[in-house]
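Taking it in order: structure first as structure tokens, then the write-up.
Read-outs: derived from the displayed coordinates by stated rules, not from any lab. Predicted model only: the values in this text are computed from it and were never measured. Glycine also receives a Cβ, built like all others from the backbone with ideal geometry; neighbour counts cover every protein chain displayed.
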Amino acid sequence: MQWKRGRTRFRELTARGVGSNVAAQTVGSYWRRRYNNIRHVKILIRGDACQFHLNRFDLGLSNINDIALFVGVVNAGSFTVAARQMGLTRSAVGKGIVRLEERLAVRLLNRTPRSLSLTDDGQVFYARCVRILEDLEEAESAMALRSETPNGLLRVSLPITLGQRHVLPVIESFLEAWPQVSAEVTFTDRFVDLIEEGIDIALRIGEPRVDSRLITRTVAQQILIPCASPAYLNARGVPQCPGDLKDHNCLFFLSAGRRQPWLFVEHGEKTQFNGPGRLQMDSTEALRAAAVDDFGVVYLPTYLVEEDIRAGRLTPLLEAYRQPGDPIRVVYPTRRHLSPKVRLFIDLLTSKWGDVAPWDRNVPQG
């Protein structure tokens, strides 16, 4: 009845002067609104006649079985061989193909007593089905990999300060837990191309560059804070707002020869502080040491100064004006199967750092 109503409506529209393409699209749009399980309507126009093919979407377990039957038949080249390979009767295989063709409303195979070939629609559908079955196989393989023991060389690239202070202990724990794994660790603040340099996993700070070859996962935050020693603050006073810093000896970090401004939030707006400052260095460790030696105010990540703050050697400042942190991300090449050594190392790192990184837990605030 659907086909008859569709053709009747098509003829009514064309008789009133509506173009055949517009008439066909009008009928197709009605069917898509009328039947929720119709994915698309295939329309064939020949002169003043029109044919409609409804393509329903009703994914279930039987669909996957029929897809596997279809691919098996195409690969085997005959119903008989496919039935023997899959342990089914030839009748069961044939019924599965017929069921699939009826559901799709297209012919997939050209059949003769002596040969079997794909139709044009069948070739397109076969290519998609092969990818679906490969994805299912990959999902099973990925789960099987979870039970494998990690082994081999793990190559890691880390930012210098964060890596040495907070990631190296995790690597040591990982190697103790998995004796068959060895590690090669590079500490550098330069941008590393993981693919070209053969790196398994890297840690990066800040928003990631767009790279379809890589997968990223946020594991912590880098929060930068101003701080100074108690002796320096007793001598020079405690700044109450970012503007007060102009009266202090500020120690700035140099990156690629450029002074890095200090970032704050005042009255809901982001602001920058650029000086004055008598000392600039390209080493965060050297800046930290100078601040501990009472030389001035520094602006450094909490993962670098948290031990000094806990010990009372440094005092955090201007908490109310701090800017939100930058993401610290694990980065690794996208592969069809993530190796157990990479997966388990990421699992260990995230379990040790948790939702709040260890260096940001229960730190005294300024």
> Check Leu109: other-chain or 5+ apart residues with amide H under 5 Å from its amide H, H built from backbone geometry?
Replying inline: Thr119
>> Using the Karplus curve 6.51 cos²θ - 1.76 cosθ + 1.60 with θ = phi - 60°, what ³J(HN,Hα) values do you get for each residue of the range 268-277, in whole Hz, with x for Gly and Pro?
In response: x, 10, 6, 10, 10, 10, 10, x, x, x
> By the scheme Lys and Arg +1, Asp and Glu -1, what is the net charge of all other residues having a beta-carbon under 14 Å from that of Arg361?
Replying inline: -2
>> Need the full-extension length gain, Thr334 to Arg90, defined as separation in residues times 0.36 nm minus the C-alpha distance. One decimal, nm.
In response: 83.7 nm
> When the chain is fully extended, how far beyond the present Cα-Cα distance does Arg310 get from Gln240, taking 0.36 nm per residue of separation?
Replying inline: 23.1 nm
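In debye to the nearest 20, how big a dipole does the range 61-145 give about its Cα centre with +1 on each Lys and Arg Cβ and -1 on each Asp and Glu Cβ?
540 debye
Please work out how much length the chain gains when fully extended from Ala15 to Thr216, using 0.36 nm per residue of separation minus the C-alpha to C-alpha distance, in nm with one decimal. Present the calculation step by step, with values, prior to reporting the outcome.
Values: separation 201, 0.36 × 201 = 72.36 nm, distance 5.97 nm.
Here the answer is 66.4 nm.
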> Picking from Val292, Cys250, Asn234, whose Cα lies most toward the positive end of the charge dipole for the range 224-321 (charges on Cβ: Lys, Arg +1; Asp, Glu -1)?
Replying inline: Cys250
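Give the peptides 271-280, 310-319 in descending order of average Cβ contacts within 10 Å, highest first. Provide the component values of the computation, followed by the final result.
Details: 271-280: 13.9, 310-319: 17.2.
Descending packing order for the listed peptides: 310-319, 271-280.
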> Measuring from label point to label point, each 7 Å out along Cα→Cβ, what is the Gln272 to Ala127 span in nm?
Replying inline: 5.0 nm
>> Just to confirm a number: summing +1 for Lys and Arg and -1 for Asp and Glu over residues other than Phe79 whose beta-carbon lies under 11 angstrom from that of Phe79, what do you get?
In response: +4
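Would you tally the net charge around Thr350, using a Cβ to Cβ cut-off of less than 13 Å, leaving Thr350 out, and scoring K and R as +1, D and E as -1?
Details: positive: Arg217, Arg329, Arg343, Lys352; negative: Asp347, Asp355.
That sum, taken over residues with Cβ under 13 Å, equals +2.
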